[in-house]
Amino acid sequence: MSSIISIVAEKPSIARALVRAFSIVYKMKFKSRKGQTRYNYIFEAELDEQKITFSIETTDFRLKKGDTLLITSVTGHILNFDYPPPFDKETNWHNSDPLEMVEIEPIERAINENMVNHVSHVGALSNVLVVATDWDGHGEAIGREIVEVASRNNKKIHHGRMRFTSTNPLSLQRSFESQTGLNWDWIRQVDSLRKQDLRMGSSITRFLTVGVQDRGIHNQMISYGPCQTSVLYLIANRYLENKTFIPEKFWKLSLKIIVNDKPLFLNWHGNPSTDEEYVDNIIKKLEAEEIAVISDFNEEIGVIRRPLPLDTDTLEAECSNLFKVSPKQISDIAERLYNNGFITYPRTESSYYLEKDLTKLTTAFTNHEEFGQIAQECIDLGGVTNPSKGRFTKDHEPIKPVKAIIKKDLEKTFAKTPSIINLSWAIYTYIVWRFLASVHIDAKTLDQYIILTAGGEDFKGKGKLIIELGFLKFYQYRNIVSTELPKLEKNTEFPFEINKHLGFTTPPPLWSESMLIRKMSELNLGTDATRSSHIDTVQKRRYTSPTGTQRTLIPTPLGLALYDVLNDNAQELILPEIRGKVEAWTQQIREHKKTADEVDKLVIDLTTQGIIAMKSNEEDIFSTLASSFKEMTGVGSVLGVCPDCEGDLILFQGKKGSRFLKCTNPLCEASFPLPKKGELIKLEGEQCRICNTTPLLVTVKYHNWIMCPVCWTREASEEQPWFCSECNQEECPYSGSWKARSSNEPVGTCPDCNGDLFLQIKENIAQIECSSCQKAWKTPKLRPKMSITLGRPCTNCARKTLSIVKQGKKPYRLCVFCSLFYFDDY
């Protein structure tokens with residue numbers, strides 16, 4: 001009787017990697033058919049002549065001729081914890097009592113019924129079920145869900161667990177042939193943490209959201225999550241520290257001597273000092289001296305250590321900083337590199353290679369055009385048998401390349417997403433260079449120390465001269481500046497000059513995403529697999545936003561309001577230390593130091609106290625959150641004048657997220673819908689040439705466009721939306737048919753002769769000319785899809801400013817005479 005052995009992977013890409021691996025290793029020919037979900041195909045192969053033996057813990061199994069190997073996948077968790085009716089979000093979301101919800105025991109529900117049916121169908125067919133999920137806590141929990149669902153219609157099914165950190169064929173073969181069982185301690189820990197996240201997150205989210213929605217802010221969720229709000233705490237707290245920082249004066253002293261006709265500056269041992277009087281007394285004492293003496297000069301050989309093997313936090317933090325993208329994007333691309341067999345599993349806390357000899361992996365790169373020479377050096381110098389060593393953990397090996405590839409391999413693999421090819425290659429090369437640096441040799445330096453004494457005060461200097469480059473020869477991601485001191489003998493005397501420097505203390509820097517990853521790791525906030533996701537979540541919730549190339553995180557008005565509400569009323573719900581405490585409690589379940597029921601009680605008490613504290617001040621809390629949302633979105637602000645009755649047009653938001661302008665005149669029914677997405681900016685002082693309504697600038701990420709809300713409603717058709725770029729009014733500067741024209745309205749008086757100034761545009765060349773003395777002032781060069789018109793007066797000289805509008809850019813006003821730019825008006 002033939003048997004069916006089924007392997008269920010955590011994601012479709014791993015299922016395809018298993019198919020590729022078994023096709024190579026066992027020479028199997030797979031056929032594919034659709035499963036019961038869109039992306040989760042079933043791959044089947046029947047054994048011909050070969051036999052395959054594998055073990056699950058101590059039990060051996062054998063695949064023989066006629067047996068079938070079936071490979072499929074899920075897409076992450078297939079079961080999720082939720083509340084039973086009437087407390088689930090479908091039944092009674094708005095009226096649930098958050099205090100009652102906290103104490104209810106969550107139940108497991110299918111995330112997607114089709115996925116559950118898919119796994120149940122595979123389980124019913126199978127004699128043996130093999131779990132091939134990621135080798136981490138959530139992978140273990142997903143494995144438990146797969147086994148549970150697959151066993152519903154097949155109680156006699158055997159199940160095993162593949163554990164692998166690489167998707168190369170040999171690694172998957174070894175993992176399949178030597179299987180283990182599920183780690184139930186790990187599962188209990190992860191399931192408990194998921195329950196606590198639901199218990200805390202759902203109850204507090206409903207409490208805050210319902211209160212805000214009752215105050216007219218429809219379709220806006222105030223999301224609370226133990227991790228994401230702890231991240232918000234770090235960002236908002238640092239932002240407020242930075243903004244309220246008051247600089248303080250300090251003074252430094254330096255001593256200057258001339259050595260070999262070159263100046264040498266040494267720093268006073270008491271730097272910096274906030275006592276100017278004390279510093280001045282030191283200077284008076286030194287001015288009484290004429291000679292400084294070398295009291296110590298020392299040189300010793302130093303070492304710049306090789307980088308440690310790569311862990312997840314380092315990968316995300318350094319690559320985010322190097323390539324100016326979010327850690328989440330780095331994580332996603334690393335996951336894709338792993339799924340395609342280019343690198344090992346990218347979620348690990350380990351920085352310690354288990355292999356004692358990495359020659360075989362390094363040899364794979366010796367013929368590579370870019371890495372070959374350095375790879376051979378690593379072997380010749382012996383670093384492959386003595387790599388750098390960091391922290392040892394039992395989860396996964398450090399991140400390293402699996403095979404040598406060239407950029408064309410990535411272009412072929414990621415052909416459907418060409419926008420990520422360059423970044424993917426940059427991340428892959430970083431991982432390779434990091435690996436090679438860890439198996440190369442340390443750099444050596446000549447470290448120099450000098451102490452010069454004058455008037456009983458010591459002045460010190462340091463030098464660092466690189467004498468052997470080692471890994472620095474090729475590792476471009478670490479910049480070491482080499483500085484050399486002149487060689488000096490003890491007791492040598494020098495005339496000197498003393499210098500006093502005034503400085504000011506600086507505020508703590510705002511968190512960048514890369515800095516925040518390291519801080520979260522230091523606080524044990526989240527895991528190596530989730531930290532980048534938590535940073536991404538607070539941005540999706542509109543609590544923070546990244547700015548600049550360094551991706552510095554700035555809290556939004558809503559983020560600051562939520563921080564204030566929680567910090568002032570229930571601080572225990574937002575402090576990072578509390579999140580760490582909850583994770584430590586669940587960790588103790590794994591270590592058999594606490595039961596799941598004990599952890600439930602601790603979290604219920606913690607959450608209940610926080611909600612009770614907020615309920616005592618709920619009116620102020622909800623008003624604060626509602627006001628911040630209005631400030632951030634502009635709801636309630638005046639964005640124009642009604643063309644029918646000249647009443648104010650106010651921005652409203654509907655219950656389903658729609659936005660529209662509505663006239664405030666109770667007798668007028670005028671209403672104008674707006675795009676659902678994008679920031680709306682009123683173009684002050686401008687007007688549509690068709691209906692005289694103030695146009696709006698709509699900004700979505702890096703794209704923007706100008707629209708007249710009245711024309712967009714009344715001139716548009718179902719087939720063709722009406723944007724200003726499609727308008728045919730040549731007299732309107734926002735129209736696609738606009739032609740630049742000179743202005744008959746004077747700009748102001750000439751600063752030289754008091755004559756009238758006019759904006760003149762001839763052959764698309766714009767300038768301001770004086771009608772009396774004919775002097776001209778240049779303006780920005782006119783380009784396609786750009787307009788220059790007269791704007792409001794300059795606050796400095798009272799002459800008219802120029803209103804500059806470019807498609808795809810934020811409009812601004814410019815005073816040509818004062819060189820002042822105005823952005824706030826838009």
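The values are calculated or read from the model by the stated rules, or taken from the named source; none is laboratory data. Note that the structure is predicted; figures quoted are calculated from it, not measured. Because the Cβ atoms are built from the backbone with ideal geometry, glycine has one as well, and the counts that use them run over all protein chains shown. The protein model used for the area step is the full one, side chains on, heavy atoms only, and it has no ligands, DNA or RNA in it. Shrake-Rupley method; radii C 1.70, N 1.55, O 1.52, S 1.80 Å.
Only loop residues by DSSP count here, and only those with at most 13 other Cβ atoms within 10 Å; note down the trypsin sites (Lys or Arg not before Pro) in segment 406-514 that meet that. Before the final figure, lay out each step's value.
Values: sites: LYS407, LYS408, LYS412, LYS416, ARG434, LYS444, LYS460, LYS462, LYS464, LYS473, ARG478, LYS487, LYS490, LYS500; in loops: LYS416, ARG478, LYS487, LYS490.
Answer in residue order: LYS416, ARG478, LYS487, LYS490.
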Problem - Residue-span extension gain [THR91 to GLU105] - 0.36 nm each, minus C-alpha spacing - result: 3.4 nm
Exercise for the section: Normalise the Debye intensity by I(0) for segment 318-445, one equal point scatterer per Cα, no solvent, then take log10 at q = 0.14, 0.18, 0.21 Å⁻¹ and round to two decimals. Expected result: -0.64, -1.04, -1.32
Problem - segment 466-557: GluC sites (Glu not before Pro) in DSSP coil with no more than 12 other Cβ atoms inside 10 Å - result: GLU484, GLU489
Problem - Gain upon complete extension [THR363, GLN760; 0.36 nm per residue less C-alpha separation] - result: 135.9 nm
Practice task
Over all alpha-carbon pairs of the chain, lay out the pair-distance distribution in 10 Å bins, whole %, shortest bin first.
Solution key: 2, 9, 14, 17, 18, 17, 13, 7, 2, 0, 0
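If you average 1/r across every pair of different Cα atoms in segment 448-601 and take the reciprocal, what Kirkwood value do you get, in Å?
Details: mean 1/r = 0.0463 Å⁻¹.
Taking every pair of different Cα atoms in segment 448-601, averaging 1/r and inverting gives 21.6 Å.
Can you give the Rg to Rh ratio for segment 509-570, taking only C-alpha atoms and Rh from Kirkwood? Before the final figure, lay out the partial values.
Numbers: Rg = 12.1 Å, Rh = 12.3 Å.
Ratio of gyration radius to Kirkwood radius for segment 509-570: 0.98.
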Handout entry: In segment 322-394, trypsin sites (Lys or Arg not before Pro) in a DSSP loop with at most 11 other beta-carbon atoms within 10 Å
Key = LYS356, LYS394
Practice task
Please report, to two decimal places, log10 I(q)/I(0) for segment 163-277 at q = 0.14, 0.16, 0.20 Å⁻¹ as given by the Debye formula with identical point scatterers on the Cα atoms and no solvent.
Solution key: -0.87, -0.99, -1.14
Handout entry: Which listed pairs, of LYS324/LYS407; LYS243/LYS460; LYS249/LYS581; LYS677/LYS781; LYS389/LYS473, have C-alpha distances above 30 Å, in listed order
Key = LYS243/LYS460; LYS249/LYS581; LYS677/LYS781
Practice task
Write down the Kirkwood hydrodynamic radius of segment 1-112, to one decimal in angstroms, obtained as one divided by the mean of 1/r over all alpha carbon pairs.
Solution key: 17.2 Å
Practice task
Roll a 1.4 angstrom probe over the protein heavy atoms and tell me the percent of accessible area of segment 236-360 that is carbon or sulfur.
Solution key: 46 percent
Fill in the blank from the handout: With x for Gly and Pro, the residue-by-residue ³J(HN,Hα) of segment 359-367, computed from phi through the Karplus equation 6.51 cos²θ - 1.76 cosθ + 1.60 at θ = phi - 60° and given in whole Hz, is 4, 4, 5, 5, 4, 4, 9, 5, 9
Completion exercise
Here, ASN242 and ASN260, labelled 7 Å along Cα→Cβ, have an inter-label distance in nm of 4.3 nm
Practice task
Calculate the translational D of segment 88-182 in whole µm² s⁻¹ from Stokes-Einstein, where the hydrodynamic radius comes from the Kirkwood formula applied to all Cα pairs, the temperature is 25 °C and the viscosity 0.890 mPa s.
Solution key: 157 µm²/s
Practice task
Could you check the simple spin-label distance between LEU523 and ASP409, using points 7 Å along Cα→Cβ, in nm with one decimal?
Solution key: 4.0 nm
Handout entry: Packing-based order for 581-587, 84-90, using average beta carbon neighbours within 10 Å, highest first
Key = 581-587, 84-90
Fill in the blank from the handout: If R0 = 22 Å, then LYS500 and THR274, at their Cβ-Cβ distance, give a FRET efficiency to the nearest 0.05 of 0.95
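For segment 579-681, give the percent of accessible area contributed by carbon and sulfur heavy atoms, probe 1.4 Å, rounded to a whole number. Walk me through the intermediate numbers first.
Numbers: 2770 of 5470 Å².
Here carbon and sulfur together make up 51 percent of the probe-accessible area.
Stick to the Cα atoms of segment 537-603, pair each with every other, and give me the Kirkwood hydrodynamic radius in Å at one decimal. Walk me through the intermediate numbers first.
Values: mean 1/r = 0.0704 Å⁻¹.
By the Kirkwood definition, the hydrodynamic radius is 14.2 Å.
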Completion exercise
For segment 320-384, the per residue accessible area (1.4 Å probe, Å²) is 43 Å²
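Taking a temperature of 37 °C and a viscosity of 0.692 mPa s, what whole-number D in µm²/s does Stokes-Einstein yield for segment 266-314 with Rh from Kirkwood over alpha carbon pairs?
Value of D from the Cα-based Kirkwood radius: 208 µm²/s.
Can you quote the Å³ per residue value for the convex hull of the Cα atoms in segment 214-349, rounded to an integer?
On the way: hull volume 39.2 nm³, N = 136.
It is 288 Å³ per residue.
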Practice task
Run down the aspartates and glutamates and flag those whose C-alpha is under 19 Å from the C-alpha of LYS416, throwing out any fewer than 8 positions away in its chain.
Solution key: ASP332, GLU335
Problem - Largest-first principal axis extents of the Cα set of segment 113-163 (Å) - result: 27, 23, 12
Completion exercise
Full extension between THR713 and THR699 adds, at 0.36 nm per residue less the Cα distance, a length in nm of 3.2 nm
Completion exercise
Checked against a 22 Å limit on the C-alpha separation, the offending pairs among LYS328/LYS682; LYS89/LYS601; LYS630/LYS662; LYS195/LYS328 are LYS328/LYS682; LYS89/LYS601; LYS195/LYS328
Handout entry: VAL638 paired with GLU49, simple spin-label distance in nm, labels 7 Å along Cα-to-beta-carbon
Key = 8.9 nm
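Please report, largest first and rounded to whole Å, the three semi-axes of the ellipsoid equivalent to segment 550-666, where each semi-axis is the square root of five times an eigenvalue of the C-alpha gyration tensor.
Working: eigenvalues 388, 50, 34 Å².
Working through the eigenvalues yields semi-axes of 44, 16, 13 Å.
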